[in-house]
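Here is the structure we will look at.
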Amino acid sequence: MTTIDLPAALIEADDWMSEGACKGLTHLFFPTAAERPQSRERRESAAEAICAGCSVRTDCMDFARDHHEYGFWGGESEDERHAAGFRLIAPIGVRARAS
């Protein structure tokens, strides 16, 4: 097996991820295929409640904004990041039509 030596700064930059309250709850933070609006609202509401008490929320939000992430990160949905001026690289749905 080949190993890749990553720069220490890169490894340390993502250390916060192991401290996330969302660890193991991916299903709440990323939509399923063809998710209905009502399901999305319920899923994102549950995700937001988890983010509210998370010790790394700010790091998570900053990461999502800086890396143009999809899904629910740091208490923000894709739509909320988009509205705050943080554009996705490949917008989908309403965002694609509104851009």
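Taking the range 55-64, which residues are over 14 Å from ASP14 (Cβ atoms) and surrounded by 17 or more Cβ atoms within 10 Å (Cβ to Cβ)?
The first filter runs over the range 55-64 and keeps only residues over 14 Å from ASP14 (Cβ atoms), leaving 55, 57-58, 61.
Result: ARG57, MET61.
Of the conditions (1) touching a Ser or Thr at 6+ places or on another chain (Cβ under 6 Å); (2) outside any helix (DSSP H, G or I), GLU44 fails just one. Which one is it?
(2)
In contact with a Leu (Cβ under 7 Å, 6 or more places away or on another chain), surrounded by 12 or more Cβ atoms within 10 Å (Cβ to Cβ) and at positive phi - does that describe any residue in the range 68-89?
Within the range 68-89, one or more residues are in contact with a Leu (Cβ under 7 Å, 6 or more places away or on another chain), surrounded by 12 or more Cβ atoms within 10 Å (Cβ to Cβ) and at positive phi.
For residues that are under 19 Å from SER55 (Cα atoms) and at pLDDT below 90, tally how many sit in the range 12-45. Even if it seems obvious, please write down each step before you answer.
Within the range 12-45, the subset under 19 Å from SER55 (Cα atoms) is 12-26, 28-29, 44-45.
Next cut, at pLDDT below 90 only: 12-16.
Residues in the range 12-45 being under 19 Å from SER55 (Cα atoms) and at pLDDT below 90: 5 in total.
Being part of a loop (DSSP other than H, G, I, E, B) and over 14 Å from the mean Cα position of the chain (by Cα) is the filter here; which residues of the range 25-37 pass it?
THR32, ALA33, ALA34, GLU35, ARG36
The values are calculated or read from the model by the stated rules, or taken from the named source; none is laboratory data. Just so you know, these numbers come straight off a predicted model, no measurement behind them. Cβ: placed from backbone, ideal geometry, glycine included. Neighbour counts: every protein chain shown.
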